[in-house]
Amino acid sequence: MTKYLISFPSGAMDVSAEELPAVSDAAHAVVAEAKDAGIWVFGGGIDESVPPVLVDGDGAVTEGTYPETKQLEGGYTILELPSREAALEWAAKIAVACRCAQEVRAFMYDPAS
């Protein structure tokens, strides 16, 4: 089975403060469904109040990200699924819950792990 990253940037979730509790409940329901199905690996949101840093091989720490990389933000879910089609189906469930489109990416298989 392949692990899939399903994600969205925080700016994509454009909901009012009044809608936020319903969105949270819907998102938690999808998480519970994924856990019950045995496909849940990990999920959560990036803490945008903590700035990213780069750590070099010598331990040197530099504020920020790679210059060519946009800052990572938003919500992320990793599911282990039998097919891309299944990943797209779960992304649609998350999109409904979070009220925004989801990006889907497959992790490469590493036979050594």
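Quick note: the coordinates plus some simple rules give every number you see, no bench work behind them. Nothing here was measured: the structure is a model prediction, and the numbers come from that model. Methodologically, a virtual Cβ is constructed for each residue, glycine included, from the backbone with ideal geometry; neighbour enumeration extends over all protein chains shown.
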Cβ crowding within 10 Å averaged over residues, with 27-37, 87-97, 59-69 ranked highest first: 87-97, 27-37, 59-69
How about K93: which aspartates and glutamates have a C-alpha closer than 20 Å to its C-alpha, ignoring those fewer than 8 places off in the same chain? D14, E19, D25, E33, D36, E80, E85, E103
Cα-centred dipole magnitude for the chain, charges only on beta-carbon of K, R (+1) and D, E (-1), debye, nearest 20: 360 debye
Place +1 on the Cβ of every Lys and Arg and -1 on the Cβ of every Asp and Glu in the chain, take the dipole about the Cα centre, and give the residue among Y76, V30, A86 whose Cα lies farthest towards its positive end. A86
What's the local net charge at Q102, with K and R +1, D and E -1, over the other residues with C-beta under 12 Å away? +1
Sticking with the crude label model, points 7 Å out along Cα→Cβ, report the distance from F107 to A95 in nm, one decimal please. 2.4 nm
Can you find, among P21, M1, C100, the residue sitting farthest towards the positive end of the charge dipole of the chain, where Lys and Arg contribute +1 and Asp and Glu -1 at Cβ? M1
Here the Cα Rg-to-2.2 N^0.38 Å ratio for the stretch 2-106 is 1.21
